[in-house]
1. Quick one: how many lysine pairs does the range 1-75 have with C-alpha atoms less than 29 Å apart and a gap of 8 or more or different chains? Give me the count, please.
2. Need the full-extension length gain, GLU68 to ALA132, defined as separation in residues times 0.36 nm minus the C-alpha distance. One decimal, nm.
3. What is the set of long-range amide H partners of HIS199 at a cut-off below 5 Å, with H atoms built 1.01 Å from backbone N?
4. Starting from the Cα of THR38, move 7 Å in the Cα-to-Cβ direction to define the label point; list residues of the range 1-27 whose amide nitrogen is under 19 Å from there.
5. Over all distinct alpha-carbon pairs, what is the Kirkwood Rh of the range 3-226 in angstrom?
6. Calculate the FRET efficiency for LYS59 and ASN189 from the Cβ-Cβ distance with a Förster distance of 35 Å, rounded to the nearest 0.05.
7. Can you figure out the FRET efficiency of LYS93 with ARG196, using R₀ = 22 Å and their beta-carbon distance, to the nearest 0.05?
8. Provide the net charge surrounding LYS182, with neighbours chosen by a C-beta distance below 12 Å and charges set as Lys +1, Arg +1, Asp -1, Glu -1.
Amino acid sequence: MYSYLNENIKSVQEKIKSVCAKTGRSIDTVTILGVTKTYETDVMNAAIEYGITDIAENKVQEILRKYEDVNRGVNWHLIGHLQSNKVKYIIDKVELIHSVDSLKLAVEIDKRAGQIHKIQDVLIQINIQDEASKFGIQPSELEVLLKAMAPLTHIRICGLMYIAPIVEKPELLRDDFKFMKKMFDDLNNAPYPNVRPLHLSMGMSSDYEIAIEEGATMIRVGTKIFGKRTYPAK
């Protein structure tokens, strides 16, 4: 019933393998996040059986709705905007929060993680073009936020996340991805104890190959694995 998932996953893996061979990277340096927005748990579990180890949701309520019905052993990621008042609902469920964009949110994550004796891994979301339709901080604001987050002991800043604009030709995004890789590399010089650069989350179904060429370590793939999304009627 879900054999198409196996074929799609293998196709993505082959493209990753090809890009990594071209750029001299190991395929182990790239993690596929299966973006499961709008897809139901039977589809998610089938994808997990076919080798997807990390799944990503945009909304807290979707994690809560699906969590108990999804196979254990998979890593959950939150990639959408997170409101401070919803942190408490997912702090015990997610491996990585990709969308930290304010000190207020970071403080709440730190507090809630401390309550369950956890160090929560997070990424800082960057909004290069300062697009009004997207969350994230401007590149010039990163140093200020890192310094303000330095006293937080139950949060670990593991890198950066970037959502590129939708464009007709993915090649047009190459400069943005290069810019993000430079920012990510510069994190290695950050003099703060809770900064440990591991992940550069960028690239989606339409542009992940270019993102990998420019240094992405996590790609967020939805439709190229799961097929066309069907949104519920409003």
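Here, each number is a calculation from the coordinates, and none is a lab measurement. Computed from a predicted model, the values in this text were never measured in an experiment. Because the Cβ atoms are built from the backbone with ideal geometry, glycine has one as well, and the counts that use them run over all protein chains shown.
1. Taking the range 1-75 as the scope, the lysine pair count is 9.
2. 19.5 nm
3. It is GLY159, LEU160, by chain and number.
4. In the range 1-27, the label zone of THR38 (backbone N under 19 Å from the point 7 Å along Cα→Cβ) covers 4-5, 8-9.
5. 17.8 Å
6. Approximately 0.50, to the nearest 0.05.
7. 0.55
8. So the surrounding residues net to -3.
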